[in-house]
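The values are calculated or read from the model by the stated rules, or taken from the named source; none is laboratory data. What you see is a predicted model, and the numbers here were worked out from it, not measured in a lab. Note: ideal-geometry Cβ built from the backbone for every residue, glycine included; neighbour counts use all protein chains shown. Please note that ligands, DNA and RNA were not included when accessible areas were found on the heavy atoms of the full protein model with its side chains. Shrake-Rupley method; radii C 1.70, N 1.55, O 1.52, S 1.80 Å.
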Amino acid sequence: MNHKTYILGIESSCDDTSAAVVTDNGLILSNVIASQKVHEEYGGVVPELASRAHQQNIVPVVDTALKRAGIQPEELSAIAFTRGPGLIGSLLVGTSFAKGLSLALRVPIIDVNHLHGHVLAHFLKMQPDDEVPEFPFICLLVSGGNSQILLVRAYNDMEVLGQTIDDAAGEAFDKCAKVMGLPYPGGPHIDRLAKNGDAKKFKFAKPHIPGLDYSFSGLKTSFLYTLRDQKVLNPNFVEHNLNDLAASLQATIVEILMDKLRKAIDRTGVNTIAVGGGVAANSAVRNAVEELGKKKNLKVFLPKPVFTTDNAAMVAVAGYFKYLDKEFCRYDETPFARVKV
């Protein structure tokens, strides 16, 4: 009798509690996300509040994911969970729940690196014949906490070609948005305002970092000083130039990212590129990557917006690949806050 594989994925690295079920070949059966609104009034994620909200959300979220997938807990083949990087208190909730459920059901647990999950989100399928990237490919991984350029040779063989030496791209979006008085998270607000702005109106500092590494702290400082100096001359400067500031900031961030991505493609000769992470939902990033693909005749993979943010489907599919190789996790493994892939 041919038994189907069912992998439950659990994601709790930051402020979204998510559970998903993936079956053979990365086919998604369910993907449930509970977001936490509590952080908006603080202008950023408060770790203590995040871990408390995970504790409240995790049981109903997992229950809903199993029901939507149409399976019983006893049918699960394994439980995959995000072990890190992320907020340690949040990760502990997901890790502890995964261990407890695994012991109760007597199925193995699989630990997943959050960054690998973002890369492998490209192997999720809504339909069995959905196209996925062929190895090797270059992945531009851009999120609030991490920014990297990876050469992906296999699901378990990823080389970091370049990474940010300070702030992540998403962090630059959010922090600059905060200075502009926009709500948290700021990235989507910048994207929306930029559509009606002049991207050439303002010039901000672009760092000159050798190799394929990049930096965003100089851009942030330059943005901050521009606002500070202009407000002295005109206290309503930000309000009067909101769209143009957003467009110019976004264009500068995209230029920094694309410059390094181009160099990575030239250096490796790889002809397939993909984008992953929360900033992969940004329309300017998506357009720039598609343009680069056309110009250099590359195959481009852009994730569906729902799979750019933190979600358990990407954890489940990463777990599925490890399950096939019987790469299971010991119960004494603990979560980690920071890591290099």
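Worth a mention:
- Candidates in the stretch 310-328 are the residues that are in a loop (DSSP other than H, G, I, E, B) and in contact with a Ser or Thr (Cβ under 9 Å, 6 or more places away or on another chain); of these, the one that is most open to solvent (accessible area, probe 1.4 Å) is Asp310.
- Residue satisfying all of: in the stretch 105-123; in contact with a Pro (Cβ under 8 Å, 6 or more places away or on another chain) and surrounded by 20 or more Cβ atoms within 10 Å (Cβ to Cβ); farthest from Ala274 (Cα to Cα) among these: His114
- A residue that is open to solvent by 60 Å² or more (accessible area, probe 1.4 Å), farther than 25 Å from Ile10 by Cβ and assigned to a loop (DSSP other than H, G, I, E, B) occurs nowhere in the stretch 138-160.
- Checking each residue in the stretch 185-205 for being in contact with a helix residue (DSSP H, G or I) (Cβ under 6 Å, 6 or more places away or on another chain) and part of a loop (DSSP other than H, G, I, E, B) picks out Pro185, Gly186, Asn196, Gly197, Asp198, Ala199, Lys201, Phe202, Phe204, Ala205.
- Members of the stretch 227-243 found to be open to solvent by 30 Å² or more (accessible area, probe 1.4 Å) and under 30 Å from Gln148 (Cα atoms), listed by number: Leu242, Asn243
- Residue check: Phe97 meets all listed conditions (1) surrounded by 20 or more Cβ atoms within 10 Å (Cβ to Cβ); (2) closer than 26 Å to Gly170 by Cβ but one, namely (2).
- For the stretch 287-309, the set of residues classified as over 14 Å from the mean Cα position of the chain (by Cα) and part of a helix (DSSP H, G or I) consists of Asn287, Ala288, Val289, Glu290, Glu291, Leu292, Gly293, Lys294, Lys295, Lys296, listed by residue number.
- Being farther than 30 Å from Ile265 by Cβ and of a type in the set (Phe, Trp, Tyr) is a condition met by at least one residue of the stretch 72-85.
- Residue tally, condition open to solvent by 20 Å² or more (accessible area, probe 1.4 Å) and at pLDDT 95 or above, over the stretch 284-309: 15
- Residue within the stretch 225-241 that is among the polar types (S, T, N, Q) and in contact with a Gly (Cβ under 9 Å, 6 or more places away or on another chain) present: yes
- Taking the stretch 71-95 as the range and being within 17 Å of Ala20 (Cα to Cα) and of a type outside the set (Val, Ile, Thr) as the test, the residues that pass are Gln72, Pro73, Glu74, Glu75, Leu76, Ser77, Ala78, Ala80, Phe81, Arg83, Leu91, Gly94.
- Residues that are within 11 Å of Asn311 (Cβ to Cβ) and assigned to a strand (DSSP E or B) were ranked within the stretch 11-21; the one that is most open to solvent (accessible area, probe 1.4 Å) is Asp16.
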